[in-house]
Amino acid sequence: MSNELATIPAKRTFNYNGMNLEDPDPSMPPEQVLEFHALLHAELTNATLKGPSIGDDGRQTYKVEVKIGDDN
């Protein structure tokens, strides 16, 4: 019998513009999940992630914020 502990990826939620974006692969870094969704939502190429905040159930919630305009 092995003494190794198996790690279970945390459940994650990505909130964008009132929608919850699916987590396609819990082993992906959050930034890669954003790139994945940018294929359908082009505006996410200029987005940043805030968080995660951790819920009572351990779920990690990231807020997706889209940058609009220039920094100038």
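The values are calculated or read from the model by the stated rules, or taken from the named source; none is laboratory data. Computed from a prediction, not measured in an experiment: that's the story for all the values here. Ideal geometry is used to build each Cβ from the backbone, glycine not excepted, and the neighbour counts take in all protein chains shown. Only protein heavy atoms, including side chains, enter the accessible area calculation; ligands, DNA and RNA are left aside. Shrake-Rupley method; radii C 1.70, N 1.55, O 1.52, S 1.80 Å.
A full extension of the chain between ILE54 and MET19 corresponds to an added length of 10.8 nm, given 0.36 nm per residue minus the alpha carbon distance. Computed with a 1.4 Å probe over protein heavy atoms only, the accessible surface of the chain comes to 79 Å² per residue. Bridgeable aspartates and glutamates around LYS63 (alpha carbons under 17 Å apart, same-chain partners fewer than 8 residues away excluded): GLU22, ASP23, GLU31, GLU35, GLU43. Taking the chain as a Gaussian network of alpha-carbon nodes connected by springs under 10 Å, the highest mean-square fluctuation of the residues LEU49, LEU39, LEU21 belongs to LEU39.
Taking the Cα centre of segment 30-72 as origin and assigning +1 to Lys and Arg Cβ atoms and -1 to Asp and Glu Cβ atoms, the resulting dipole is close to 100 debye. Between ILE8 and GLU31, what is the FRET efficiency for a Förster distance of 25 Å, r being their Cβ-Cβ separation, to the nearest 0.05? The pair ILE8/GLU31 has a calculated efficiency of 0.70. Using Stokes-Einstein with the Kirkwood hydrodynamic radius over Cα pairs, what translational diffusion coefficient do you get for the chain at 37 °C and a viscosity of 0.692 mPa s, in µm²/s rounded to a whole number? Calculated translational D: 242 µm²/s.
Surface composition of the chain: carbon and sulfur make up 50 percent of the accessible area, probe 1.4 Å. When the helices of the chain are scored as -39500 (n - 2.57) per DSSP H run of n ≥ 4 and the total is divided over every residue, the value at 222 nm lands at -3500 deg cm²/dmol. When only the Cβ of Lys, Arg, Asp and Glu is charged (+1, +1, -1, -1), the dipole of the chain relative to its Cα centre reaches about 180 debye.
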